[in-house]
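Working notes, structure below.
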Amino acid sequence: MIAVTDGKFSWWHDAFPVVPYETSKPGADEMLTLVAYDIALPKRLSRVAKICEDFGVRVQYSVFECRLDETEFAEFWLRLLDEIDEAEDRIVAYKIDARNAKETLTAGTMVCSEKVVLYLI
């Protein structure tokens, strides 16, 4: 049986992560960074996706939102560069300041970065 809290399924909020700008603004040393990629080979795609999951929240299949300071971003970017083939792949990172991050709009459903298994009996 699925637990219902205040008319909502309790598992819903556990299964779908909150994107960084929904809980609070980036800190003084942090910036919201939008990272998107197009990777040619499935093996590299998997490794790049795993790195992105370590640093941010998946909001589309090939798009992540990351709240990182400059040191964290540098580590993240270098790890990504180590995985890609620059002749075949593309990664882009857009840094969004706090003023613009708070004006981010969303609509529709999010892609979950976690693999969720749900059994209804």
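What net charge do the residues around ASP29 carry, taking every other residue with its C-beta under 11 Å from that of ASP29, with Lys and Arg at +1 and Asp and Glu at -1?
Numbers: positive: ARG67; negative: GLU30, ASP69, GLU70, GLU72.
Computed value for this residue: -3.
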Worksheet, complete the sentence: Checked segment 26-111 against the a/c 1.5 cut and the a/b vs b/c comparison, axes a ≥ b ≥ c from its Cα gyration tensor; verdict oblate
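A short reminder: the numbers here are calculations on the coordinates, not readings from a lab. Keep in mind the model is a prediction, meaning the values are calculated, not measured. Positions of Cβ are generated from backbone atoms using ideal geometry, with glycine treated the same way; all protein chains shown enter the neighbour counts.
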